[in-house]
Amino acid sequence: MAQEKNRKRVKIGLLGSGTVGGAIQDFIFKDQKRPDLDLEIVKIFTRHPEQKRWYSTYPKLFTTNPLEVVEHPEAEIIIEALGFQNDQQISEFKDYIIRAFKSGKGLVTSDKAVLARHGREIWDAAARYGQELRFEACVGGGIPIIRSLTESFAAEEPTAIYGIVNGTCNYILSEMAKSGKSYRVALREAQECGYAETNPESDISGSDAEAKLILLAAVTFGVHVQPGKLWRQGINKIHAMDFLYAAKKASCTIKHLAVARSVGASLQAFVSPVLVPRSHFLSSIDGATNAIFFKGRRSEDDASREQPESRDWNYVFVGPGAGGGATAVAVLGDVMDLARGRRQRVTGPPSLVAPGVLGLHSPDEILASFYIRFVVTDRAGIVGDICQTFGERDINISEVWQLSHSDEELRRLAAGCGKDIGSRKILPFVITLEPATVKQVKQALEIVGQQDYILLPPIWFPIWTD
Ligand SMILES: NC(=O)c1ccc[n+]([C@@H]2O[C@H](COP(=O)([O-])OP(=O)(O)OC[C@H]3O[C@@H](n4cnc5c(N)ncnc54)[C@H](OP(=O)(O)O)[C@@H]3O)[C@@H](O)[C@H]2O)c1
């Protein structure tokens with residue numbers, strides 16, 4: 001009883017009543033057991049109140065007017081858990097957030113798209129109105145990565161942050177790797193299991209991962225990137241045979257990674273499928289799980305050495321990257337942080353490196369070893385022709401890989417080419433490159449892509465190197 005009395009009551013306005021908003025309501029209406037806090041929802045915005053599961057119990061809490069939430073006189077903290085469909089909607093959501101700050105509320109969001117696109121304006125508004133912003137749920141769902149980066153690693157010198165940040169892509173690629181399913185079948189299964197939206201575009205195109213990487217790069221390296229400025233590739237062109245080449249020729253698998261690493265005074269950042277060695281921890285991350293590596297460098301003074309030695313440290317965060325429950329946990333962790341009075345009072349996203357120290361590497365200048373898979377008409381001289389085109393652009397070929405394919409595989413490939421060609425006439429093969437820039441590879445592939453022997457656009461992506 002005494003404990004009940006000591007609990008601080010905190011009133012919350014909630015924008016959104018979808019997967020995340022619904023899970024937040026479940027927690028607050030039936031599960032909360034915090035000894036020190038009593039969270040109370042005072043208003044919920046949704047366009048369809050009567051369809052929501054808590055509507056019949058609390059009809060008066062629901063509104064179709066978002067301003068009744070962000071300007072609610074009793075709400076101290078606003079949660080924004082809205083999902084966007086287009087740029088105009090993202091801009092509207094940004095306006096709600098700024099209205100909340102203007103009305104004197106702290107804000108917690110799970111909406112990475114609005115922060116990636118309008119982060120600067122949002123952070124400026126938070127500073128202008130003296131309000132707090134938290135966004136743990138925006139990256140890695142339930143994994144506490146933002147707090148770890150900004151608080152626990154405050155003394156680290158970051159050198160890289162990378163990993164699997166989109167559970168939908170990872171589920172699809174894991175299924176293709178495990179059982180040789182086609183991309184289409186794996187996507188359909190992901191949709192049936194609820195891992196992929198009916199419209200999966202933002203996941204499979206890499207734009208969801210890009211928004212998360214933008215936030216990770218801001219928090220880790222103080223580099224602010226606008227959406228569309230990173231080198232980004234999705235997963236929809238990956239074919240089951242790519243996993244065969246990866247496994248049989250290089251003991252690798254394919255993972256869709258978001259990568260940001262410092263190279264001298266600049267930051268190299270990209271989202272792409274990557275050929276990952278089976279010996280790398282990320283290759284074992286299956287299904288919708290997320291896994292994020294953080295690499296830091298520390299000088300260590302050792303009395304036995306004349307010079308301090310620099311050491312790289314690897315930390316890895318693994319957990320449920322999505323789902324209403326996991327995401328709600330991250331959102332409510334932020335809410336409780338604010339409710340307990342913790343203040344950051346920063347004028348932008350908290351970051352380990354001061355903004356402006358690192359510049360963004362031009363996407364064209366990203367240097368990597370690459371995997372390129374071709375599907376061509378089988379005739380003499382093609383491999384030589386391709387190698388010559390690459391050689392003329394100073395790109396060294398590392399290896400040429402060829403596997404024998406079953407008639408069935410070749411027949412399916414021939415059908416996918418949309419040309420009248422027999423399976424015996426079709427030749428898939430892979431070349432791997434020694435380090436080259438994205439620009440060099442693009443230029444060479446532009447020439448090769450125009451040749452009459454090319455049956456499918458070549459697929460290319462980096463080979464992982466630490
Ligand atoms: N689901 C996850 O696992 C997860 C994980 C991490 C982060 N997130 C992020 O959290 C946010 C919410 O995700 P969710 O999974 O809960 O999405 P969701 O189930 O699709 O729900 C989206 C919510 O946004 C509202 N909404 C959509 N378009 C709107 C518009 N034009 N105007 C006003 N409201 C609109 C919907 O309103 P109605 O109620 O009227 O339909 C719904 O309440 C997203 O930004 C998402 O990226 C999700």
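The values are calculated or read from the model by the stated rules, or taken from the named source; none is laboratory data. Keep in mind that what you see is a predicted model, and the values were worked out from it rather than measured. Neighbour counts run over all protein chains shown; Cβ positions are idealised from the backbone, glycine included.
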If you go through the range 28-39 one residue at a time, do you hit one that is within 11 Å of the ligand (Cβ to nearest atom), touching a residue at least 24 places away in the same chain (Cβ under 8 Å) and of a type in the set (Phe, Trp, Tyr)? no
If we ask which residues in the range 101-150 are β-branched (Val, Ile, Thr), in a helix (DSSP H, G or I) and within 16 Å of the ligand (Cβ to nearest atom), their number turns out to be 4
In the range 151-175, the residues that are closer than 21 Å to residue 232 by Cα and assigned to a helix (DSSP H, G or I): 167, 168, 169, 170, 171, 172, 173, 174
Out of all the residues in the range 75-89, which are within 31 Å of the chain's Cα centre (by Cα) and at pLDDT 95 or above? 76, 77, 78, 79, 80, 81, 82
Per-region count, the range 178-208, residues within 14 Å of the ligand (Cβ to nearest atom), in contact with a helix residue (DSSP H, G or I) (Cβ under 7 Å, 6 or more places away or on another chain) and under 27 Å from residue 267 (Cα atoms): 3
Looking only at residues in the range 388-412 that are at pLDDT 95 or above and assigned to a helix (DSSP H, G or I), which one is nearest to residue 447 (Cα to Cα)? 389
Identify the single condition in (1) more than 22 Å from the chain's Cα centre (by Cα); (2) surrounded by fewer than 17 Cβ atoms within 10 Å (Cβ to Cβ); (3) within 9 Å of the ligand (Cβ to nearest atom) that residue 50 does not satisfy, given that it satisfies every other one. (3)
Note on residue 240: of the conditions (1) within 16 Å of the ligand (Cβ to nearest atom); (2) at pLDDT below 95; (3) not β-branched (Val, Ile, Thr), unmet is (1)
